[in-house]
Structures are given as structure tokens and as C-alpha cells.
Amino acid sequence: MSCMIIPIIAAQEKTAWIWSVNASDISGQNKDYDPQHVYIVTDKFNLSWDIIPSPGENLIDKATMLKIYPKGSDKPEDAYTEQIGQKGYKYISLENVAKDLSQSLTENERTYEIKINATAQKNGSMQANEWHIHIIQIDVKKPGTIEIKKEIRDWKDADPSGWKFTVEGPKDTLISKKYEKFTDKSGIAIFEGLRPGSYSITESPRDGWSQISTMPKEVIVAPGPNRQQVFINIPNTLKIIKRDPEGHPLSGWVFNVERKNRNSDFGSVTTVPTDNSGTTYYHGFPSGEYEIKEVPQEGWRLKSINRSQIRFESGKTETVEVINTKTGTLRIIKKDSEGQPLDGWRFSISGQDPDLVSPTNPTNEKGEVIVTNLLPGKYIITEEMNDGWINVTPETQEVTLKPGITSEVNFINAPLIDLTIIKFEDKNGNGRRDADASGSPTEPGLPDWHFTVQGAGGLSREAITDNNGIAVVRGLTPGKYVVTETISEASKSGWICTTQNPQTVQLSRRSDNVVSFGNKVNVIVVPKFNDLNFNGKFDGNERGLPNWEFNIADKNGQVIRSAKTNVSGLATVKGLVPGEYQITEVPQDGWINTTPLSRKISIRAGEDILVSPPFGNINSSRFEIIKFNDTNLNGGRDSNESGLPGWNFTVRRPDGSVFNTELTNSDGSTFVDGLLPGNYTVTENQHEGWLLTTQPAIATITLGIGDRKQKALFGNYYCEPCHRIREPKYPYNKDSELVVIKDVGNISAERIDPDNGYVVDYNITLCPSRSIKDIAAIPTDIVIAVDNSPSINKLSQSAIEGVQKLARDIGAYDEKKVTRVGLVSWSDRNNSRTEVDLINDSGSIINTASKIEFANGTQTNYQIGLDTVLNAFKNASIVSGREKKIVIITDASDNGYQKPANIMDARYSDYTFFAIVVGDNKTTDAYKMLDSLTREHNGYVISMKDLSELEGALVKMATSGSPVKNVQLVEVLPNYLVLQNDSARDDQGKVRLNSDSKDWTTTTIVWDIGDLSTCWSTSFNATFCWKLPADVNQPRRASYVNYTDEKGVSRSILLPEHEINIVPTLGQGTQEVPVKAEEKKQPGFEALFALAGLFGAGYHLRRKI
């Protein structure tokens, strides 16, 4: 039993005593805060005292008494009495005291008074002179008890244990304490031994629970049992309702609930299965965010969930509604048009199911792909087409899936089959393609054969065989097809079918789908042999001649085919239109035919013919020309005199035709091969500064059959001043706006008429030009025609480089791409072609120029060359408003020369013609024709020995045409040339002559030409009069051209210069030339010739003209 002792001080001191009384419970926790007012909490306490009387007094021994009375009674019989000393300590149990007092402590409260009586006497006195009473009031109360009950609402199976409560009190006392307890499994927590008074009760909160009561809760604790305190809590609750789309509840479904904050103590839970109402609960979630996932069941799919994520606060109930539906199954069946299953096909599916996986897996070996667990509804299935197939059924189909039902969709495709057509040359005509022991075909395939493939539904396809004789018709479907080859005299001359035509083939995915066609062509075999014994027959010891060409001409004489013999001497011609033909061999230099040059034959389609008798030839004759340096002028070759390389000769055949030889080699020799028997003349082509020393000047050689031992010997001596008129190094002056070309005829001292002199031909040409940088100023088409005949072979590299240089310059400066360049090569009919049509691509011109084949043809046929040029324009489509220029590069040789039909042909009227003549052929018929052709068509000819100038000449011709104004030409003749006045004419300019006579120093001719937009030229004659004074020291008088350029600036150009050189006739070097007396006053050429004779080397007169 606990008692509370409340001390009440009631002291009756007569003197100033000192009382020291202390009461405390046995734990010592509550000490008297005031010596006379003590609180005791337990029913057992300690009492200590110390009584100090007034000075001079002593307590009377055994007169100090401790008395305990029930409050309100002073009866001695009601007191608990005990004698005590002046100072002491005593343990007192109120239960014992109550028993001694015959009082029960079962009541909740009882009050006692403790009295201490003490008597004192004066020192030495025997009488008590003072007494004192010290009173302490003690209130004894039974302790109170608090019982707490935990109730959980809305969760019948909740565990009420473990809830923590804190009780604190009594309030407003110094002995207030805190007490903590947890509820037991019944949800009860009891706090006992509480001192009655005011207390607070606090429940420790739990996350995820809400409290109904206000915390803390204040209560008054009375002694003994008190009213039960009830605390109610509500948990966080998740309610999940599961239904199908029709609203029927679904039982047996569980859900996983996972807290999103992984760092919390609460991880995830699995609910209990839904009940018959389709509902499941879970209580006690801590606050936070959660994700709800159902545990799937086979054959069912989640259709909707109103909330897949929730957030809990304390005491909150969240409801989630989940709808599931039974799934459907889709079976896709894939077959070919022949009913066979197809594996490896995929399908794209779209529809109701958001989790649909598309495309599907490929079909299996049964041609099926099954898609399960699909939401009911409409779906669109599209097949993914594989290469080589077409769809028979629609490529896209629609299906509606129902819950728990398997729906089928069928797709049918037809394979795209490749039909292979094999075309072979059935050489033996046996109707099959022969092969060797290994199975490799021995009969070749035939390219470029046309076939028609026809099938159902009007299908028709065309095919052409490749180089291997194979044609593949792709994309056909299984079925029956008719294959027909195209064969006619127009398309395949000379061929016959050796297999059935047409043929029917059944295409299937399980067959090889190949059809073969054999054909045989007519063949002409032409034998060529070396007729060693010259008897016109092919004898056993004679061999075939390879690389020998034959022409096959039709009955009209038109050459339609050519063929060359192989290493065995056999030339083969295939595929001729049935009919009559003439076969003619093409002669080769160094050979003579011993059999007729031509044979006539008749051939049918598919026929094989061996031409008989064969064509025979034998090596022709040849001779050697030797050129040596006759250093001692004795007309014979001495042992110390070396050969002269780099010389060529003109040879005239017995039939009168001429040709130039190859250049002499380092030994001074050159050979002339392939000659027929007869007489040949050989003339050297002179070199500047060299004199012929051997006689005769023209050698004659007579050759027999196969004669190869004849020689012709030519000696020369170098004499620098001994040569004829020298061509200028630059026959034209370079200027950005005007090209001036001056051409003066040669003078031969040996042919000067002593009385009438020597007539010199003059030609001056002026052509507007412009810089290559201005090439884009005027849209222009230029075709360059390169002579590829044998005579120009040695000049081929310069011609190629000139063409390439022009193409590069045009490519660099023609930024507007307005200049088109074409390129042709020409000689005779079989060797003339358009190399490049008119194009803007300079790279093509550069590349193609290097591939031109030279030394071709047997003629230089200018009409064929011009026709080829015009075709180059025609092929590129002629565009109006563009300048059209033709530049011919040739050596103007008469060897094989064939002139054009008409240089005034109306077809040439829209073109400007230019010619570049390389070499020294100004006197040839070809040169004269070119000079007339270019003059008539506003162009000009440039003749040059220095081939390095060819590039510049090409540029000038390509850029000609820029207008110049106020053109005036002034030509000043030297004193030894006299103008033939009647030859100077007005060529679209006004001519002014001075009145100089032959005694005057010079003759000046002025042409006032005016404005010039095309080429202008004039020709006249001057007489070289050797009797006129010849002052070699006479000052040079220049000829020139004045004009105004496009910018209005006056300009002047000097005309090109020439040198005239005169040499005596050979053999007069030591003879004196007779001079008439009247002419000795004025030293003339006769004196100079005499002077030349003294020196034995001739006289060199130089004068600029």
C-alpha cells in the first residue's frame, strides 16, 4: 500500500528550540523540500529527528515521546506511542501503525498526525521548565490505476498489440513522472501505482494509421481503479475490385503492391485473392506512393485499370478498379499458289491490343504463326512481302477476335519465278547443246537474241540474251508459258532454228524452269596462204597467212563485212543474208597476190562454205635508200662519211602514184617494202641548208618479182647560206584580237629568168580573234577533224597534244559552258569516225584524243572527212545562233589524196573552215584545195614546220570572230621586188598604191578594209628582178596592220617576216658568170653569182620582206 504523507508543522515552542525533523520514503526520491513540510509517496518512510533545546536547557531523558494519531483524535488510546531520544532515526510502516491502532487501511484515503513531545529543564534544575510539541500531518491515499484499450476500426483481423502509450503525472507536482507501456495481444495496457492527480496519456503514432482521439489526452487519476481509456485507430486500406468487361466479379486474382520509394522499410506485398465479389483488401500501408500490378493469369489480359499508382496518407482508403478480359488467339496460315505451306514469312499486326508485338515471328514449317493472348476486337494483318513473291489474296486482311476463340486468317502468295532461256550456237545442227566429259558446254552461247514470253491473262514479256547466251525473265508466276525466239533475215541473217520454236514450258517452284534454243548460222571460211612457189596453188609445204583482211561486198558492190585471218590463215564470216557475195582480199604492203583478188559465192541460211580455191600471196619486192653526209662533195660515199638520219623521200610507183617513205634511221637507211615489179623513181625531200651532191638527182630503180636487193644512194653537203626562200618560224603574228597570216611563195635561184625575173606569190589573211579567256563570249560549236592517214603518222603526237591543249583551255575558261567541242578522225571510208560528238565535257575530248588510231586507211579522202564532220554536228543537234567552226589538221599530202566533190557545197554555207597544215606541202593539190576551201568559207590556212605552234594555232582558230574596226593593211615590198599592179585587187578593201617605179627603192600597198568581223584575205604577185640594185644594208621597212579594238583603242601589228635566199646552180661554183658592159655600173646578181663562185659555196642574199 502506498501512502502519501503531507507534513503539517504545528510547533508550540516556548523557547527558541531548533527542530530538525525529516521524513522521506525509503527510496529517497522525495525529500522534504521544507523542513516542516514533507511529501512522502510510499507507505513506508524514514523519520529522522534532532531536537536542540534553547541554550541552558537539556531534554529530560525518557520524556521525549513520538505519538501517531488518526487525524481528529487526541485520545491517548487512539495513539501509537513510542519513547524516543533527542536525536534519532526510525523506519516506520504505516500498515503496522494502523494495525497497532486497530485501524484498517482499506479505505482509499486516511490522515495521520505525528506529534513529538519533548520536555526540558534548566541546567541543574530537576524540574521541567519547558515542553514542546512538533506535529506532522500525514495523508495516506491508495494509488490509482489507468487501463488503456486499443481498438482498430475497419479491420476485423487487425493485431492490437504493440501500441505504445506514455502516461505522465501527476501534473503540477515536483514528483511528476513518465510511464511507458505497450498494449498486449488483447490491445490492453495497464498503468498501476499512480499517485492520484492529473495525468496526460499520449499514444505513439504509427505511419499509415489515423488517430481518432486528440493527443495528448488529459485524465484525472483517483485512488484505486479508474475508468478504462479507449484509443481508436484507422489503418490505410487498399481496396481492389476485379471485374470482366460485362461487370461480372472475378475471384481468385492477386496483386503485387510495391512501394516506389525503395529506401523505405516497406518493400512490396501480395494481396490475398479476390473473393466471390471480386474484392480484396490490404491494410496498414505506410504513407507514400505505391504501384499496383496484377499477377497475370493465362487466357486473360488486363483491359483497364482506373489507377495503377496510388498515394496513401494516414488512415486513407483507396479503391482501385481493374477490368480483365479473356483473350483471343490469332492463327495466320501462309501457303503458296500451289497449296504448299510457306515458312519464314512475317506479318505486321495492328489493333486493339496496346501490347501487341509486331511484326510476328516467322511462319513455321507448317506455314503457320500463332499469336496468343490478344485482347478481343478488330485487328489488321499485313503480310511482309518477301522478294520474289506476289500476293494472291489481299496483302492486308481484317479479323475480329472474340474472347476465348481462335480465329484463322489465310494468306496465299505466288512465287516470282525466273525463267532462264539458254541460247546456243548449234554448230553441228543436232538440236542439242553438246558438252565435254566434265559437262562443260562445247558450243558457245549466243548474245543479243530476242525472245517473247507469253502467259495467261495476256501477259507478254521480252528478253535479250547476254554475252553468255543467257536471258532471264524474272517475276513470273507458276503456270504455262509460250517462249518464242525472234529470227528473221532482218534481225538474224543467215541463221536457222535447230530446236523447236516456239516452245511451251510449265513453270513451278519445284522445277528448274529452263528452256534451251539452238541455232545454226551460215559460215564462210576464207583461207589465205603464202604461195612460196608463186604457182597460185596451195601446196603441202605452204602455210596460212595470219592477220590478212578480206572485204565481203553485196551484189551492189557495197562492202558490208570485213574479217581477218587467224594464226592458221583462216578468216571466218558468219551470219550473212542468203544470197550472192564477192569476197575481196585487202592488199598488204610487201605482198603480191598470186590468185585472183576476188571470189564470188552464193550462200543459204545455216550453210557452211569453204572458199575454194584459197587466196594466195607472196612477199613483194623492196629496195633500200641510203642517205649520207658527203663531206668532201665528191658525189660518192667514202668510208669516213656517216649516214644522215631523219630524211624521207618521195617515191613514184610504176602507175604514177606517189608516196613518202619513212625517215632514215641512225645509219641513214630507210626501206621501201611491198612493191610490185616495175620502174620506181626516188626523189629526196630537201632539208634547209643541204645541197645534193650525187647524180642523178632523181634515182630510178627497176624491181623484179620478189626483188629485195636494190639500193639508191643520195649524198648531201651542208651549206648554211645555200638554200631557197626560208619559211618564217611564225607564219602568223600572235595578237589577242587579230590574226595576221602572211604567205610568200618560194624562189629558186636556179629557175630565175635572166630577162623577166621570177614571179613571187603573195597571200595575206586577216582574221578577227579573241583571247582564250574570252571563249565564253560567243556560244560556239567547234569540230576538230584529225587526218589519221599513214602520211601523218609521225605528226600524230603533236596533233593529239594540240587538241588536248585546246580542250583544257576551253574547260578552264568557258565557265558558262557555251562552247561545245567535237572530235573526228578521218582518212578513207573504213577509217573515218566521230570520236566525240559536240559536248561541253573537255575531259572526254582529252581522253579520246589520246586513243585516235593513226596510220589507218589507204587514202586521204577529203569528201569523207567533211561528211564525217557534218555528221558530228548533226548527231549533237544543230543549235541556231551559235558559231559553227571546222578545223582540219592534216599534212596536205597528195599521197592517196581524194578531193571533195564541191568546196562550194550548200551544206558548208553555215560553217567557218580552218586548216592547219603540218609539214612542207604548200605546193600540193591538197594544200591548194584547203586554201580555196577556207577562203570561200571565211577561214584561213596556217602552214607550219614547227609543230610546237600547233596548239597556239588551234586556239586562234577556236577563238576567231571577235569584231575589229577601222582595219588598214600596209605592205612594203623590198627594193628587189616589183609589184605587178594588175594583180593587186580590192578584196573588200580600198587599195592605194604609191607611184614607185622599178627604179624606186620600195613599193607600198595600202588596203583600207574598214570594219572586220570575218576573215579577209588578198593575193597578189611581185616580180623578183635580179637586175635591180640589191643593197643588203638597206634599212628595214616594216609592213603592218592598224585597227581599233573593241574598247576603242587604236592598235598596230607588224606583219610576219620572211627571208629570201639565193643560191647558184650546182656545178657553177668555179665558173665565171659573164656580165654585160652596160650592167657593170650597177652591181647586180650576176656579179654576186661570180662572187659566189669564188667562194665555191654560193651567195646568200637576205632581205626581210
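The values are calculated or read from the model by the stated rules, or taken from the named source; none is laboratory data. Quantities reported herein were computed from a predicted structural model and do not represent experimental measurements. A quick note on method: Cβ atoms are made from the backbone with ideal geometry, for glycine too, and the neighbour counts reach across all protein chains shown.
Among the listed residues K480, K492, identify the single one that is charged (D, E, K, R), over 26 Å from G575 (Cα atoms) and more than 38 Å from the chain's Cα centre (by Cα). Outline the logic, then answer.
On the way: K492 fails: over 26 Å from G575 (Cα atoms).
Checking each option against the conditions leaves just K480.
Do we have T504 as surrounded by 12 or more Cβ atoms within 10 Å (Cβ to Cβ) and not aromatic (F, W, Y) here?
no
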Failed condition for F534, given (1) at negative phi; (2) not in a strand (DSSP E or B), with all others met? (1)
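Condition test on E585, is it within 30 Å of T683 (Cβ to Cβ), of a type in the set (D, E), surrounded by 15 or more Cβ atoms within 10 Å (Cβ to Cβ) and within 60 Å of the chain's Cα centre (by Cα)? Even if it seems obvious, please write down each step before you answer.
Values: within 30 Å of T683 (Cβ to Cβ): no; of a type in the set (D, E): yes; surrounded by 15 or more Cβ atoms within 10 Å (Cβ to Cβ): yes; within 60 Å of the chain's Cα centre (by Cα): yes.
So E585 does not fit the description; no.
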Tally up the residues in the range 868-890 that are touching a residue at least 24 places away in the same chain (Cβ under 8 Å) and either among the hydroxyl-bearing types (S, T, Y) or assigned to a helix (DSSP H, G or I) (or both), please. 8
In the range 645-659, is there at least one residue being buried (at least 20 other Cβ atoms within 10 Å of the Cβ) and in a strand (DSSP E or B)? yes
Kindly provide the set of residues from the range 364-394 that are under 13 Å from L330 (Cα atoms) and crowded, with 19+ Cβ neighbours inside 10 Å, ordered by number. V369, V371, L374, L375, P376, Y379, I381
Which pairs turn up if I take residues in the range 655-668 that are more than 20 Å from N679 (Cα to Cα) and look for partners that are crowded, with 17+ Cβ neighbours inside 10 Å and aliphatic (A, V, I, L, M) with beta carbon separation below 6 Å, at least 6 apart in sequence or on another chain? G668/I626; G668/L644
For the range 391-431, which residues satisfy the criterion of being part of a loop (DSSP other than H, G, I, E, B), more than 30 Å from N501 (Cα to Cα) and not hydrophobic (A, V, I, L, M, F, W, C)? T393, P394, E395, K402, P403, G404
Which members of the range 563-582 meet the condition of being more than 19 Å from A490 (Cα to Cα), surrounded by fewer than 17 Cβ atoms within 10 Å (Cβ to Cβ) and either in contact (Cβ under 8 Å) with a residue 40 or more places away in the chain or out of contact with any Gly (no Cβ under 7 Å at 6 or more places or on another chain) (or both)? K564, N566, V567, T572, Q582
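Considering T868, T890, T860, T819, which residue is over 44 Å from the mean Cα position of the chain (by Cα), buried (at least 18 other Cβ atoms within 10 Å of the Cβ) and closer than 19 Å to T912 by Cβ?
T890
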Any residue at all in the range 183-194 that is surrounded by fewer than 13 Cβ atoms within 10 Å (Cβ to Cβ) and part of a loop (DSSP other than H, G, I, E, B)? yes
Return the residues of the range 304-333 that are out of contact with any Lys or Arg (no Cβ under 9 Å at 6 or more places or on another chain), modelled with pLDDT of 90 or more and of a type outside the set (A, V, I, L, M); say none if nothing qualifies. T329, R331
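If you check E291, E298, which single one turns out to be of a type in the set (D, E), in the same structural domain as I241 (by TED's automatic domain parsing) and touching a Ser or Thr at 6+ places or on another chain (Cβ under 8 Å)?
Values: E298 fails: touching a Ser or Thr at 6+ places or on another chain (Cβ under 8 Å).
Being of a type in the set (D, E), in the same structural domain as I241 (by TED's automatic domain parsing) and touching a Ser or Thr at 6+ places or on another chain (Cβ under 8 Å) holds for just one of E291, E298, which is E291.
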For the range 887-918, which residues satisfy the criterion of being in contact with a Leu (Cβ under 7 Å, 6 or more places away or on another chain), at pLDDT below 90 and not hydrophobic (A, V, I, L, M, F, W, C)? D891, R907
Just to be sure I understand the filter: pairs with C-beta atoms under 6 Å, separated by 6 or more residues or on different chains, first member in the range 273-293 and surrounded by fewer than 13 Cβ atoms within 10 Å (Cβ to Cβ), second member not in a strand (DSSP E or B). Which pairs pass? N276/S251; E289/K260
Residues within the range 374-429 that are basic (K, R) and in contact with a Leu (Cβ under 9 Å, 6 or more places away or on another chain), tallied: 2
With the requirement that a residue be part of a strand (DSSP E or B) and without any contact (Cβ under 8 Å) to a residue 12 or more places away in the chain, what does the range 460-488 give you? S460
For the range 537-556, enumerate the residues that are in contact (Cβ under 8 Å) with a residue 24 or more places away in the chain and either closer than 30 Å to N430 by Cα or out of contact with any strand residue (DSSP E or B) (no Cβ under 6 Å at 6 or more places or on another chain) (or both). K537, I552
The one condition G536 fails out of (1) modelled with pLDDT of 90 or more; (2) of a type in the set (G, A, S); (3) over 49 Å from the mean Cα position of the chain (by Cα) is (1)
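From Q558, Q503, Q588, which residue is within 30 Å of N413 (Cβ to Cβ) and either out of contact with any Gly (no Cβ under 6 Å at 6 or more places or on another chain) or in the same structural domain as P677 (by TED's automatic domain parsing) (or both)? Please lay out each step first, then the result.
On the way: Q558 fails: within 30 Å of N413 (Cβ to Cβ); Q588 fails: within 30 Å of N413 (Cβ to Cβ).
On inspection, the qualifying residue turns out to be Q503.
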Specify which of the listed residues (G144, G187, G197, G193) is on the phi < 0 side of the Ramachandran plot and among the small types (G, A, S). G144
